[in-house]
Amino acid sequence: MKTIPSFTINHIELLRGIYVSRKDIVGGETITTFDIRMKEPNREPAMGQGALHTIEHLAATYLRNSEWADRIIYWGPMGCCTGCYFLAKGDLTPQDIVPLMTDTFRFVRDFEGEIPGAAPKDCGNYLLHDLPMAKWESAKYVSEVLEQMSEANMVYPE
């Protein structure tokens with residue numbers, strides 16, 4: 001079997017940032033898959049599942065209510081718990097979505113109240129949420145990565 005492209009990324013050198021994971025043509029439209037990397041793989045602890053689940057709910061809610069709503073295909077956590085995947089319509093670059101991701105993670109960082117979709121009828125694991133840690137992880141990502149983006153945070157390492 002062929003190795004899928006995401007398993008060929010040098011995770012030893014990978015920094016936190018925003019990367020284009022792949023681009024696919026679907027029905028004549030380009031879909032860009034972004035790697036929203038919040039943790040340095042294998043060098044810092046992965047996010048807790050509760051925090052990542054809460055980020056998923058809050059970010060998806062924010063994105064689907066943003067000016068980008070009609071371009072959003074998917075937002076969800078990586079199995080390795082080091083970030084999320086974001087799929088959007090268009091032939092996009094990381095630079096195109098830095099402002100959107102900054103606004104998204106500021107929304108999570110500043111969120112107060114009931115987590116959208118975190119009720120038994122709305123969620124398959126409604127008890128697995130951790131708003132304080134979601135806010136902490138988002139604040140860290142905003143201040144240490146999104147507000148200081150450089151080329152190294154947007155181009156996969158060799």
For the range 109-120, in residue order, the Karplus 3J(HN,Hα) values (coefficients 6.51, -1.76, 1.60; θ = phi - 60°; whole Hz; Gly and Pro = x) are 4, 9, 5, 10, x, 6, 5, x, x, 9, 10, x
Run the helix sum for the chain: -39,500 (n - 2.57) per DSSP H stretch of 4+ residues, divided by residue count, reported at 222 nm to the nearest 500 deg cm²/dmol. -9500 deg cm²/dmol
Build a GNM of the chain with springs between Cα atoms under 10 Å: which of 98, 145, 26 gets the top mean-square fluctuation? 26
Selection from 65, 129, 41 lying farthest towards where the dipole of the range 5-148 points positive, charges on Cβ: 41
Under 10 Å, Cα contacts only: if you run a Gaussian network model on the chain, which one of 94, 116, 41 comes out with the highest mean-square fluctuation? 116
Enumerate the amide H contacts of residue 34 below 5 Å, restricted to partners 5 or more residues apart or on another chain; note that Pro and chain-start residues carry no placed amide H. 21, 86, 87, 88
Would you list which lysines come within 19 Å of residue 121, measuring only between C-alpha atoms, while excluding same-chain residues fewer than 8 positions from it? none
Return a whole-number percent for the relative contact order of the range 66-158, with Cα pairs under 8 Å and 6 or more residues apart as the contact set. 23 percent
Work out the length of the dipole vector of the chain about its Cα centre, built from +1 on the beta-carbon of each Lys and Arg and -1 on the beta-carbon of each Asp and Glu, and round it to the nearest 20 debye. 320 debye
With Rg from the Cα atoms and Rh as the Kirkwood inverse mean 1/r over Cα pairs, the chain has an Rg/Rh of 0.95
Taking neighbour Cβ counts within 10 Å as the exposure measure, how do 82, 33 sort from fewest upward? 33, 82
Quick one: compute the contact order of the chain, relative version, from alpha carbon pairs under 8 angstrom and 6+ residues apart, as a percent. 30 percent
Helix 49-63 against the longest principal axis of the chain: what's the angle in degrees, Cα atoms only, rounded to the nearest 10? 80 degrees
Figure the gain on full extension for residue 127 and residue 26 (residue separation times 0.36 nm, minus the Cα-Cα span) and round it to one decimal in nm. 32.8 nm
Restricting to lysines and to Cα separations under 19 Å from residue 23, and discarding same-chain partners fewer than 8 apart, the set is 2, 89
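Any read-out appearing in this document is the output of simple, stated calculations on the displayed coordinates, not a laboratory observation. Owing to the predicted nature of the structure, the values given are computational and were not obtained by experimental measurement. Quick reminder, even Gly has a Cβ in these numbers, built from the backbone with ideal geometry, and neighbours come from all protein chains shown.
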